[in-house]
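The values are calculated or read from the model by the stated rules, or taken from the named source; none is laboratory data. The shown structure was predicted, so the numbers you read here are calculated from the model rather than taken from an experiment. Using ideal geometry, Cβ is built from the backbone for each residue, glycine included, and neighbour counts are taken over all protein chains shown.
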Amino acid sequence: MTTDRPTLRTVARAAGVSVMTVSNAYNRPDQLSEGTRDKVLRVASELGYPGPNPAGRSLRRGQAGTVGVLLTEQLPYAFGDPGTVTFLHGLAAGLAEAGQALLLLPTEGNAEHLHVRNALVDAFVLASLRPDDPAVADVLGRRLPIVTWGFPRLPGVPRVGIDNARAAAKAARHLLELGHTRFGIVTFAGPRGANLSMRQRVAGFTKALREAGIGPDQVPVVDAERNARAAGAWVASDLLADSGPFARRRPTAIFAVTDQLALGVLDGAASSGVDVPGELSVVGFDNVAAAASATPPLTTVSQELFEQGRLTANAVLDQVAGRRSRVPSVSTKLIVRASTARPR
């Protein structure tokens with residue numbers, strides 16, 4: 001066996017066939033008899049030939065069969081967020097039906113964004129990025145099809161997402177109708193303050209309160225360090241403490257901008273001895289699976305994250321195929337469960 005790295009031509013010489021025959025054995029097996037293909041693959045295996053280079057094959061075909069998804073978070077963090085995971089599940093399911101793979105590309109922690117510039121993909125999905133994120137410019141420079149989920153809003157680029165402010169207002173009106181007048185909000189900024197969706201949810205909630213005569217100065221907004229259940233519990237303990245900045249006007253209702261934070265608020269209330277919903281009502285946002293099984297079950301704003309993933313996949317596939325994308329609007333609804341009640 002030769003010590004040099006075997007090539008397509010090496011296999012052709014050893015098998016006594018043309019280079020085209022070897023190429024067909026890998027790329028167009030229907031063009032060869034079963035015996036010829038078996039012989040070529042057997043010789044290739046004996047020589048240690050791994051097959052055509054995937055990157056070169058993609059370039060020749062003009063398609064990579066892969067869609068790149070840009071996330072603001074590092075991948076371990078993204079996989080710890082049930083909302084992001086549900087969206088990615090829907091996206092992967094939609095793409096898999098068309099034979100497309102998924103490549104996850106975090107923008108955080110890589111100043112050069114070489115993974116964006118060098119990614120072997122047919123299209124990009126931008127998931128909750130700021131318009132001024134350098135990765136957005138890198139993607140635009142690739143001149144490939146783009147679809148955005150949430151943010152950024154780019155001229156001429158299909159977008160899948162909800163009206164966060166209007167959705168959050170539903171939570172505020174529900175609590176107002178129950179008779180609550182003392183509120184708290186738990187939010188988080190995200191990496192580098194990137195999460196514009198969370199800011200819109202806070203704005204929509206406080207606007208609904210303001211229209212009911214409750215000004216922003218009466219509603220404490222507390223920023224958790226991350227979108228995690230433990231962080232929500234920590235913040236809730238501060239909001240519900242018998243002493244401290246919120247003790248004189250302790251909220252009877254808390255809106256958390258994600259279910260992860262809201263579930264943490266339930267944990268914090270339990271550890272502080274605050275009864276939910278007797279002393280405190282809690283509303284989340286997303287309607288992740290854990291919301292329905294929480295103690296008590298969590299009232300939340302549902303935004304159909306799995307369906308948004310599938311809609312994004314459809315829009316990407318349309319773009320790659322050169323078809324015009326028609327993205328339907330995504331509705332939200334308030335799911336009322338046992339974590340909200342009239343204040344005592």
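Computed quantities for the displayed model
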item: Odd one out for Asn227, checked against (1) closer than 30 Å to Ala123 by Cα; (2) not in a loop (DSSP other than H, G, I, E, B); result: (2)
item: Top-ranked residue of segment 219-249 - restricted to ones that are polar (S, T, N, Q) and surrounded by 15 or more Cβ atoms within 10 Å (Cβ to Cβ), ranked as nearest to Leu176 (Cα to Cα); result: Ser237
item: Single unsatisfied condition, Asp238 versus (1) touching a helix residue (DSSP H, G or I) at 6+ places or on another chain (Cβ under 6 Å); (2) outside the structural domain of Gln100 (by TED's automatic domain parsing); result: (1)
item: Enumeration of residues in segment 293-313 that are surrounded by fewer than 23 Cβ atoms within 10 Å (Cβ to Cβ) and more than 21 Å from the chain's Cα centre (by Cα); result: Ser293, Ala294, Thr295, Pro296, Pro297
item: Qualifying position, being over 29 Å from Arg229 (Cα atoms) and buried (at least 18 other Cβ atoms within 10 Å of the Cβ), among Pro82, Pro134, Pro106, Pro158; result: Pro158
item: Meets criteria (over 27 Å from Asp217 (Cα atoms), out of contact with any Cys (no Cβ under 7 Å at 6 or more places or on another chain) and surrounded by 19 or more Cβ atoms within 10 Å (Cβ to Cβ)) for Phe183; result: no
item: The one condition in (1) at pLDDT below 85; (2) in a loop (DSSP other than H, G, I, E, B); (3) crowded, with 17+ Cβ neighbours inside 10 Å; (4) out of contact with any Asp or Glu (no Cβ under 8 Å at 6 or more places or on another chain) that Leu129 fails to fulfil; result: (1)
item: Unique match (being in contact with a strand residue (DSSP E or B) (Cβ under 6 Å, 6 or more places away or on another chain), modelled with pLDDT of 90 or more, assigned to a loop (DSSP other than H, G, I, E, B) and more than 26 Å from Arg201 (Cβ to Cβ)) among Leu103, Leu144; result: Leu144
item: Candidates Val316, Val288 - the one that is in the same structural domain as Ala169 (by TED's automatic domain parsing) and crowded, with 20+ Cβ neighbours inside 10 Å; result: Val288
item: Answer from Val320, Val283 - the residue that is within 20 Å of Arg201 (Cβ to Cβ), under 24 Å from the mean Cα position of the chain (by Cα) and β-branched (Val, Ile, Thr); result: Val283
